[in-house]
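Inspection log for the structure reproduced underneath, given as structure tokens.
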Amino acid sequence: DAKTTQPNSMESNEEEPVHLPCNHSTISGTDYIHWYRQLPSQGPEYVIHGLTSNVNNRMASLAIAEDRKSSTLILHRATLRDAAVYYCILRDLDAGNMLTFGGGTRLMVKP
Amino acid sequence: NAGVTQTPKFRILKIGQSMTLQCTQDMNHNYMYWYRQDPGMGLKLIYYSVGAGITDKGEVPNGYNVSRSTTEDFPLRLELAAPSQTSVYFCASSYGVGNQPQHFGDGTRLSIL
């Protein structure tokens with residue numbers, strides 16, 4: 001499986017934008033880029049996913065590099081409730097519906 | 001809708017005891033999964049099921065068993081608890097293949113002493 005590399009932790013100030021990077025240099029043509037987040041003492045929750053084009057939803061935006069070797073999850077205005085571990089996951093549809101979690105990025109939001 | 005419900009939320013077991021972690025979902029999802037998460041680590045897949053009567057091993061199945069007699073329920077069985085099985089266990093479900101997101105429960109925190 002293609003792997004992802006994320007920083008261990010990041011800090012942000014409340015109400016400022018946050019850009020969470022993810023490197024996936026060995027991504028294949030059939031890999032979708034998924035993001036999940038895990039709030040303290042909770043199970044992971046789906047955030048967003050994309051293949052080639054940038055994607056927006058009510059939670060976040062996903063910017064995908066033209067060569068697809070990296071992507072960035074964008075939280076437009078961080079709140080204290082956004083403090084969580086964010087996981088960038090490559091999902092090969094040909095390999096079933098599995099999620100392979102790495103270590104993720106722990107986002108800390110300062111008031 | 002309750003989503004994915006896991007019971008119990010916490011449990012302490014002695015080495016060698018057995019127990020069943022319960023998971024039920026009310027979203028009529030075909031796919032269900034069990035993960036474990038050790039401190040400071042990402043989740044690892046234990047077992048999964050693509051429908052009632054069908055189960056398959058994930059990355060770390062040793063020491064666990066599962067069954068799927070109904071669409072709603074996917075219990076995880078520990079037969080002979082070992083300290084290495086101390087972890088947080090998450091159950092998840094999804095509608096099917098493709099990019100359907102997985103929906104997770106809040107976890108069962110299990111300590112084996």
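The values are calculated or read from the model by the stated rules, or taken from the named source; none is laboratory data. Predicted, not measured: the structure shown is a model, and the values here were computed from it. We place every Cβ from the backbone using ideal geometry, glycine too, and count neighbours over all the protein chains shown.
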Qualifying position, being farther than 27 Å from A:VAL85 by Cα and within 13 Å of chain A (Cβ to nearest Cβ), among B:GLY105, B:GLY51, B:GLY98, B:GLY58: B:GLY51
Residue match in segment B:43-66 (condition: loosely packed, with under 13 Cβ neighbours inside 10 Å, outside any loop (DSSP other than H, G, I, E, B) and hydroxyl-bearing (Ser, Thr, Tyr)): no
Subset of segment A:58-111 (residues that are away from every other protein chain (no Cβ under 14 Å), assigned to a loop (DSSP other than H, G, I, E, B) and in contact with a strand residue (DSSP E or B) (Cβ under 6 Å, 6 or more places away or on another chain)): A:ALA78, A:ALA83
Residues located in segment A:15-50, provided they are surrounded by fewer than 16 Cβ atoms within 10 Å (Cβ to Cβ) and either in contact with a helix residue (DSSP H, G or I) (Cβ under 8 Å, 6 or more places away or on another chain) or part of a loop (DSSP other than H, G, I, E, B) (or both): A:GLU15, A:GLU16, A:PRO17, A:SER25, A:THR26, A:SER28, A:GLY29, A:THR30, A:LEU39, A:PRO40, A:SER41, A:GLN42
Conditions (1) under 10 Å from the mean Cα position of the chain (by Cα); (2) surrounded by 19 or more Cβ atoms within 10 Å (Cβ to Cβ): number failed by A:VAL109: (1)
Qualifying residue in segment B:1-21 (condition: part of a strand (DSSP E or B), surrounded by 18 or more Cβ atoms within 10 Å (Cβ to Cβ), within 11 Å of chain A (Cβ to nearest Cβ) and modelled with pLDDT of 95 or more): yes
Residues of segment B:22-31 that turn out to be within 12 Å of another protein chain (Cβ to nearest Cβ) and either over 16 Å from B:LEU76 (Cα atoms) or at pLDDT below 95 (or both), as a count: 3
Residue list for segment A:23-50, restricted to those being under 13 Å from the mean Cα position of the chain (by Cα) and either more than 9 Å from chain B (Cβ to nearest Cβ) or without any contact (Cβ under 8 Å) to a residue 60 or more places away in the chain (or both): A:ASN23, A:HIS24, A:ILE33, A:TRP35, A:ARG37, A:PRO44, A:GLU45, A:TYR46, A:VAL47, A:ILE48, A:HIS49, A:GLY50
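Matching residues to (1) within 17 Å of B:GLN102 (Cβ to Cβ); (2) not β-branched (Val, Ile, Thr):
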residue: A:HIS34; (1), (2): yes, yes
residue: A:LEU39; (1), (2): yes, yes
residue: A:GLU45; (1), (2): yes, yes
residue: A:ILE48; (1), (2): yes, no
residue: A:THR52; (1), (2): no, no
residue: A:VAL55; (1), (2): no, no
residue: A:MET59; (1), (2): yes, yes
residue: A:ALA63; (1), (2): no, yes
residue: A:ASP67; (1), (2): no, yes
